[in-house]
1. Under the definition of Cα pairs under 8 Å and six or more residues apart, what whole-number percent is the relative contact order of the stretch 2-55?
2. Could you state the angle between the C-alpha long axis of helix 42-55 and the longest principal axis of the C-alpha atoms of the chain, as a value from 0 to 90 degrees rounded to the nearest 10?
3. Over the Cα atoms of the chain, each weighted equally, I'd like the Debye log10 I(q)/I(0) at q = 0.23, 0.25 Å⁻¹, rounded to two decimals.
Ligand code: FES
């Protein structure tokens, strides 16, 4: 499912990024661009990020 429409980032991509060492929204924004355009996805992206970290 798409989390960030502006940058076509899916929840899977975020989970993958976490597996590769991303630990914060700042890093996520830096490597995938999540939240850097309209900002509407930030809340959801944060949730996916946290969930991915718990699984990890
Ligand atoms: Fe992510 Fe717009 S949906 S920046």
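Read-outs throughout are calculated quantities, based only on the coordinates presented, and are distinct from any laboratory measurement. What you see is a predicted model, and the numbers here were worked out from it, not measured in a lab.
1. 43 percent
2. Between the helix axis and the principal axis of the chain, the angle is about 10 degrees.
3. For the chain at q = 0.23, 0.25 Å⁻¹, log10 I(q)/I(0) is -0.76, -0.91.
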